[in-house]
Amino acid sequence: MVDKLLTGITTSIVEGEPDKTVDLTRQAIEAKVEPLTIIDEGLVPGMNVVGAKFQSGEYFLPHLIIAASGMQQAMELLEPELKARQEAVERAGTVVIGSVAGDIHEIGKSLVGTMMAANGFQVYDLGVDVATETFVAKVQETNADILGLSALLTTTMTVQREIIEALEEAGIRDQVKVIIGGAPVNQEWANTIGADGYADDAVGAIELAKQLVG
Ligand code: B1M
C-alpha cells in the first residue's frame, strides 16, 4: 500500500500530473507515511527522472516547470507536517539561506530552510536569485550563525565563492559559518572555495549546521 503510493507519486511527477501528485501525497499523509519518506522516496526520485529526461533531450522546459509545480504543491501539504514534528528545542541558532544570484531553483533550498526551522533554527529564507550584497547585508543585520547557499547550476556554483569573498571584504567572514549545497557541488568544491561545509541533502544540512554552531 505505502510502496504503491510512493511509486504513484514518483510516476505522477514524471508524467506531469500535479493534481495526482497532490492527491497521492494527501493519501500518503493520511496513511501516516513520514513526510521525509514521501519527499525522498516519492517526490525526489520523480524529479531526478524528469531531470535525466531533460538532459537526454526527451523532455523540455515545460516538463520541468510542471514537475516543479507538482512537487511544490505537495510540499505545501508536507511543510506543516514537517514542522509539526519539531520537538520543543532550544533555539539552535540563526540561519540565512537562499539560492545564489542567477539561480531560480527553489525547491531544495526551501526544503533545507523548512527542515532547519523545524529543528529549532531561526531561518531567514531570502528566496531565489539573491544578490550577493543582499546575503552579506542580511548576515550583518541578523548576526547569523550560518549562511546557507544553494546552487543547482554549474554556472551559478561559482557565485558561492564570490559570496565568501564578499563576506571577507565586509570583514565578517569569521563571524558566520558558510554551508553550501545543490546538485553540482560537493565537499571538494566546499574546500576549494573555503566554505565551512557541504551537505548533500536537508538532513545532512541540519546535522552540519548543528555541528557548526555546537
Ligand atoms: Co533546472 N536544471 N534548469 N529547472 N532543474 C537542473 C538543476 C538540471 C540538473 C537538469 C538536467 O539537465 N539534468 C540542469 C542543471 C545542469 C547543470 O548546470 N549541471 C538544469 C538546467 C540546465 C536548468 C535551466 C538552465 C534550463 C533552461 O532554461 N534551459 C534553467 C535555469 C534557470 C535558472 O536557475 N537560472 C532551469 C530551470 C528550471 C525550472 C525553473 C524549470 C525548475 C525549477 C523550479 C523551481 O525550483 N521552482 C527546474 C527543475 C525542477 C530542475 C530539476 C529537474 C529538479 C530540481 C529540484 O527541484 N529537485 C533539476 C534536475 C535534478 O535535480 N535532478 C534541474 C528536487 C529538490 C528537492 O532537490 O534541488 O537538488 P535539489 O535539493 C536537494 C539537494 O541538492 C540539497 O538538498 C536538497 C534536498 O535534498 N540542497 C542543499 C539544495 N540546496 C542546498 C543547500 C544546502 C544544503 C543542501 O545548504 C545551504
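More than 10 Å from the ligand (Cβ to nearest atom) and either in contact with a Ser or Thr (Cβ under 9 Å, 6 or more places away or on another chain) or of a type in the set (Ser, Thr, Tyr) (or both), is that true of residue 3? The answer is no for residue 3.
Give the residues of segment 50-85 that are among the β-branched types (Val, Ile, Thr) and surrounded by fewer than 16 Cβ atoms within 10 Å (Cβ to Cβ), sorted by residue number. Correct list: 65 only. When you look at residue 152, is it within 12 Å of the ligand (Cβ to nearest atom), in contact (Cβ under 8 Å) with a residue 40 or more places away in the chain, outside any helix (DSSP H, G or I) and touching a strand residue (DSSP E or B) at 6+ places or on another chain (Cβ under 8 Å), yes or no? Yes: the conditions hold for residue 152. Which residues, counting only those in segment 26-40, are of a type in the set (D, E, K, R), in a helix (DSSP H, G or I) and away from the ligand (no atom under 11 Å from the Cβ)? The answer is 26, 30.
The single condition among (1) within 17 Å of residue 205 (Cα to Cα); (2) in contact with a strand residue (DSSP E or B) (Cβ under 8 Å, 6 or more places away or on another chain) that residue 115 does not satisfy is (2). Listed by position, the helices (runs of 4 or more DSSP H) inside segment 41-146 whose residues that are near the ligand (Cβ under 9 Å from one of its atoms) number at least 1 are 44-55, 61-84, 107-118. Inside segment 6-23, residues that are free of Cβ contacts under 8 Å to residues at least 60 places away in the same chain and under 22 Å from residue 115 (Cβ atoms) make up a count of 5. Quickly run through segment 167-203 and pick out the residues that are more than 11 Å from the ligand (Cβ to nearest atom), aliphatic (A, V, I, L, M) and not in a helix (DSSP H, G or I). 170, 172, 176, listed by residue number.
Which members of segment 37-59 meet the condition of being over 16 Å from the mean Cα position of the chain (by Cα) and hydroxyl-bearing (Ser, Thr, Tyr)? Residues satisfying the conditions are 56, 59.
With respect to (1) in the same structural domain as residue 46 (by TED's automatic domain parsing); (2) at pLDDT below 95, the lone exception for residue 62 is condition (2).
The values are calculated or read from the model by the stated rules, or taken from the named source; none is laboratory data. Just so it is clear, the structure is predicted and the values come from calculations on it, not from any experiment. As a convention, Cβ positions derive from the backbone with ideal geometry for all residues, glycine included, and neighbour counts pool all protein chains shown.
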